[in-house]
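To keep things clear, I will list the structure first and then write my remarks on it.
The values are calculated or read from the model by the stated rules, or taken from the named source; none is laboratory data. Predicted, not measured: the structure shown is a model, and the values here were computed from it. Counting neighbours? That spans all protein chains shown, and the Cβs are built from the backbone with ideal geometry, glycine included.
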Amino acid sequence: QVQLVESGGGLVQPGGSLRLSCAASGSIFSIKTMGWYRQAPGNERELVARVTSGSSTNYGDSVKGRFTISGDYAKNTVYLQMNSLKAEDTAVYYCNVVVRVGLGTFDSWGQGTQVTVSS
């Protein structure tokens, strides 16, 4: 009932920038949280950044000061501005949207978009 479409990934040189976007559609009446996670080969999936409907944000330690998350709740869209990219940022990035359904919540995940930082 909820679909997420990600875009913006690709190949970039160290120090460069990318902007990821994720648009949610379907049976969405209220969004609790929107965020981004990433997973590199052999590693666990980790939090990159997330923003709540109250506009509070959380960032992973490795991206603080370099990445900025923003959410447009009216458009059901979340963005991730990535600056000063490093080789260690290389991973598959997954969009996550937590929607309110019934009296609880439901997690929706995007298909993942590859971000490769290399010279």
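Pull up region 65-97, narrow it to residues that are touching a Lys or Arg at 6+ places or on another chain (Cβ under 6 Å) and crowded, with 17+ Cβ neighbours inside 10 Å, then point me to the one that is nearest to residue 42 (Cα to Cα). Here the answer is 91. When the residues of region 80-119 are filtered to those that are part of a strand (DSSP E or B) and among the polar types (S, T, N, Q), the one that is nearest to residue 22 (Cα to Cα) is 96. Consider residue 106 carefully, then state whether it is modelled with pLDDT of 95 or more and hydrophobic (A, V, I, L, M, F, W, C). So residue 106 fails the test.
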